[in-house]
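Here is the structure we will look at.
The values are calculated or read from the model by the stated rules, or taken from the named source; none is laboratory data. These numbers come from a predicted model, not from an experiment. When we count neighbours, we look across all protein chains shown, and the Cβ atoms used for this are built from the backbone with ideal geometry, even at glycine. SASA here: full protein model, heavy atoms, side chains in, ligands and nucleic acids out. Shrake-Rupley method; radii C 1.70, N 1.55, O 1.52, S 1.80 Å.
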Amino acid sequence: MAGVGYSKKVMEHFMNPRNVGVIENPDGYGKVGNPICGDVMEIFIKVKDDIITDIKFRTFGCGSAIATSSMVTELTKGMHVDEAMKITRNDVADELDGLPPQKMHCSNLAADALHDAIKDYKNKKRSKILEVE
Amino acid sequence: MKRIYLDHASSMPVDPRVLEFAKPYLTKKMGNPSSLHSVGLGAKQAVEDARKKITKFINAENEKSIIFTGSATEANNLAIRGTALRNIARGKTVTASAIEHISVLNSMKNLQKNGFIFNVIPVDSTGIVDPGKLDSLMTKNTVVTSIMYANNEIGTIEPIKKISEIVHDKGIYLHVDATAAAGRIPVDVQNDGIDLLTFSSNDLYGPQGAGALYIKPGVKLQPVLLGGGQERGLRSGTENIFAIAGMGEAAGIIQNEMTQESNRLKKIRNKLIDEILQIDETYLTGHPTKRLPHHASFRFSHIEGESILLNMDMYNIQIATGSACSSKTLEPSHVLLAIGLKHEEAHGSMVITLGRSNTLEEIPLITKAVTETVQRLRKLSPLYQKGGD
Ligand code: FES
């Protein structure tokens, strides 16, 4: 196996990433760049009654960045947005049976993109309520 | 799945003939060349025989001009620090091209702590050293200039003979790191006008653990390692006779077979380049023609090199990359930045270095793996628009 020091689970998610792609007219959208190595990740969510019903991602980055994006989407599909907001990079790394220390920063990307997508959803919701009022 | 190894610049297998030749020096014929008894003398003889073969390999003036070290990195340290510090009376400036190996660049940076000025010579977009800049960046205080024979990441071969004339016009020593070039193309220190030349055993299909530094007669340097005064006092430490004997043997064999083997590899390499460049938004890095015969390097837009490497490894094909994510420092390769690539362009780099195990029959397998890898990763990439679903 390739020697970056990845767990089996990381490699499995890297080779078979879940929830890849784009959601048209998403309820929330988050896009973050990795200031350390210059990578980019985006996450799209569909939300119903504050539950994430669908989630998709696209990532330009290393094996760890791709695996963590995949894992974050798998973890949070079906989750309440407030719960999903609490997911940290460590949670994602733990679920993947750990990441090499120099690759921990990539898991920030996944958590940050998710949080941005949820914030975007909440902002949109707020402005909708305001419109109605 | 059969392994297809395409990363010979990182490590090469030892030639079985070399292993056969050198093996006794690990067992029966072990011995310390410094010992005066018969076993020691046998070991000493092995080292001197190797020195003879190495002398012939690079057409050095005499055997005394060859110093064995433990690696090319060590030879580079000795060449640069040893020459600069020994000749401090001549001036306190050193220069190197921007695409040198990290051991050259770090040796020069380290000299800055001793009050040296370090000037970096830029290269053009193909990786060729700019002769005008070279000329203008060397001053009368420059002691040593280091330009590599050929680059390991982009394969570009430098015009060493021309560079040598410019450097020698100013009375400066020329150090050439030939680690990537030696064994691939002929290197002749006298004809090329080289004062100091680095190369390594493993790059000749010899065992790891030996390197060599050629020092032109008359060039003075001081040691970096201190101890028992082996190798004319320039490299203390008990000689690794297994690796050194192997290196000598490997040099002899590779010299005899070089023309034939490089023609064979060039054919495979050219075909590979043609095929891989069919993929859209794919570019060759380095020089299109002044390139090592076994070397092909590319960049693919919108994808990242570590992912390429991992994905190719799933096909049991091993390649290298200069991407930021794959490096310890998370910086992109300094070579790719020096040829003017942007950070994100350097990201999608892939380096292929062929060797004796590779065959024409492997080309379709490699091309298929590369094409599928690039397609798959682009599908995952937010930067790739065309062809997305
Ligand atoms: S995304 Fe660059 S190191 Fe992981």
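If B:I279 passes every condition in (1) buried (at least 21 other Cβ atoms within 10 Å of the Cβ); (2) farther than 24 Å from B:R184 by Cβ but one, which one does it miss?
Unmet for B:I279, out of (1) buried (at least 21 other Cβ atoms within 10 Å of the Cβ); (2) farther than 24 Å from B:R184 by Cβ: (1).
I'd like the full set of residues that are of a type in the set (G, A, S) and open to solvent by 10 Å² or more (accessible area, probe 1.4 Å), limited to region B:158-182.
Start the filter on region B:158-182 by keeping residues that are of a type in the set (G, A, S), which leaves B:164, B:171, B:178, B:180-182.
Matches in region B:158-182: B:G171, B:A180.
Inspect all residues belonging to region A:71-87 and state whether any of them is over 26 Å from B:G305 (Cα atoms), within 14 Å of chain B (Cβ to nearest Cβ) and crowded, with 22+ Cβ neighbours inside 10 Å.
No, the conditions are met nowhere in region A:71-87.
Taking the condition of being hydroxyl-bearing (S, T, Y), closer than 30 Å to B:M258 by Cα and within 16 Å of the ligand (Cβ to nearest atom), how many residues in region B:287-327 meet it?
Count: 1.
Exactly one of (1) crowded, with 24+ Cβ neighbours inside 10 Å; (2) within 16 Å of the ligand (Cβ to nearest atom) is unmet by A:G5. Its number?
In the conditions (1) crowded, with 24+ Cβ neighbours inside 10 Å; (2) within 16 Å of the ligand (Cβ to nearest atom), A:G5 misses (1) alone.
Go through A:A117, A:A110, A:A84 for me and flag whichever is of a type in the set (A, V, I, L, M), within 16 Å of the ligand (Cβ to nearest atom) and in a helix (DSSP H, G or I).
None of the others qualify; the one that does is A:A110.
State yes or no: is A:L109 more than 14 Å from every other protein chain (Cβ to nearest Cβ) and touching a residue at least 40 places away in the same chain (Cβ under 8 Å)?
Spelling it out, it is not the case that A:L109 is more than 14 Å from every other protein chain (Cβ to nearest Cβ) and touching a residue at least 40 places away in the same chain (Cβ under 8 Å).
I need the full set of residues from region B:255-269 which are open to solvent by 60 Å² or more (accessible area, probe 1.4 Å) and among the hydroxyl-bearing types (S, T, Y), in order please.
B:T259
Considering only residues of region A:10-34 that are buried (at least 21 other Cβ atoms within 10 Å of the Cβ) and facing chain B (nearest Cβ under 7 Å), which is farthest from A:V72 (Cα to Cα)?
So, considering only residues that are buried (at least 21 other Cβ atoms within 10 Å of the Cβ) and facing chain B (nearest Cβ under 7 Å), the one farthest from A:V72 (Cα to Cα) is A:F14.
Could you please give the count of residues in region B:123-171 that are of a type in the set (A, V, I, L, M, F, W, C) and in contact (Cβ under 8 Å) with a residue 40 or more places away in the chain? Outline the logic, then answer.
So in region B:123-171, the residues of a type in the set (A, V, I, L, M, F, W, C) come out as B:123, B:128-129, B:134, B:137-138, B:143-144, B:147-148, B:150, B:154, B:157, B:160, B:163, B:166-167.
Going one step further and asking which of them are in contact (Cβ under 8 Å) with a residue 40 or more places away in the chain, we end up with B:123, B:128, B:137-138, B:143-144, B:147-148, B:150, B:154, B:157.
Total meeting the criteria: 11.
Go over the candidates A:V132, A:V47 one by one and state the one that is β-branched (V, I, T), more than 16 Å from the ligand (Cβ to nearest atom), more than 30 Å from B:S349 (Cβ to Cβ) and open to solvent by less than 80 Å² (accessible area, probe 1.4 Å). Talk me through it step by step, then tell me what you get.
Numbers: A:V132 fails: open to solvent by less than 80 Å² (accessible area, probe 1.4 Å).
Residue meeting the stated conditions: A:V47.
Count, please, the residues in region B:189-232 that happen to be open to solvent by less than 30 Å² (accessible area, probe 1.4 Å) and either of a type in the set (S, T, Y) or outside any strand (DSSP E or B) (or both).
Number of matching residues: 20.
Looking only at residues in region B:316-326 that are part of a loop (DSSP other than H, G, I, E, B) and more than 9 Å from chain A (Cβ to nearest Cβ), which one is farthest from B:S301 (Cα to Cα)?
Looking at residues that are part of a loop (DSSP other than H, G, I, E, B) and more than 9 Å from chain A (Cβ to nearest Cβ), I get B:N316.
Got a sec? Which of A:C62, A:C37 is over 14 Å from A:A110 (Cα atoms) and within 7 Å of another protein chain (Cβ to nearest Cβ)?
A:C37 is the lone residue from the list that is over 14 Å from A:A110 (Cα atoms) and within 7 Å of another protein chain (Cβ to nearest Cβ).
Would you check which residues across region B:326-372 are closer than 17 Å to B:E281 by Cβ and among the polar types (S, T, N, Q) and list them?
Within region B:326-372, B:S349, B:T367, B:T371 meet the criteria.
Failed condition for B:I88, given (1) within 17 Å of the chain's Cα centre (by Cα); (2) among the hydrophobic types (A, V, I, L, M, F, W, C); (3) open to solvent by 60 Å² or more (accessible area, probe 1.4 Å), with all others met?
(1)
Go through region B:328-345 and give me each residue that's open to solvent by less than 30 Å² (accessible area, probe 1.4 Å), more than 7 Å from chain A (Cβ to nearest Cβ) and within 16 Å of the ligand (Cβ to nearest atom).
B:P332, B:S333, B:L336
Check A:C62 against each of (1) near the ligand (Cβ under 10 Å from one of its atoms); (2) open to solvent by 20 Å² or more (accessible area, probe 1.4 Å) and name the one condition it does not meet.
Result: A:C62 fails condition (2) only.
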